[in-house]
């Protein structure tokens, strides 16, 4: 039995997923005139996938943000929901929907 086949196959799979993710995010950025991508979700707990997608997007000149203090997984969803609710209650919702709000937009992958 070949012991290198499984690791090589797993690595190729991860790199394929990273390439596809970065390509889609880049296309959305180009179409929408965006320069920022936020990587979130449980799949980005995988260090290899996160590093590869980040590298690919940064190589295309995009700013990339990912979870640092909270898990990128579902556990942080309520935290984000609370932050949005606080912003809405503080009146930032109206400012976020102003005609010139494109400056703060980003792609979430």
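Quick notes on this structure:
- Selection within the stretch 30-49 - farther than 26 Å from residue 79 by Cα and in contact (Cβ under 8 Å) with a residue 24 or more places away in the chain: 32, 33
- Checking each residue of the stretch 62-82 against the condition of being exposed (fewer than 15 other Cβ atoms within 10 Å of the Cβ) and at pLDDT 95 or above gives at least one match.
- Single match in 57, 34 (criterion: surrounded by 16 or more Cβ atoms within 10 Å (Cβ to Cβ) and in a loop (DSSP other than H, G, I, E, B)): 34
- In the set (1) in a helix (DSSP H, G or I); (2) more than 13 Å from the chain's Cα centre (by Cα); (3) modelled with pLDDT of 95 or more, residue 21 fails one condition alone, (2).
- When the stretch 60-75 is filtered for residues that are free of Cβ contacts under 8 Å to residues at least 24 places away in the same chain and in a helix (DSSP H, G or I), only 75 remains.
The values are calculated or read from the model by the stated rules, or taken from the named source; none is laboratory data. Keep in mind that this is a model prediction, so the values were computed, not measured. When we count neighbours, we look across all protein chains shown, and the Cβ atoms used for this are built from the backbone with ideal geometry, even at glycine.
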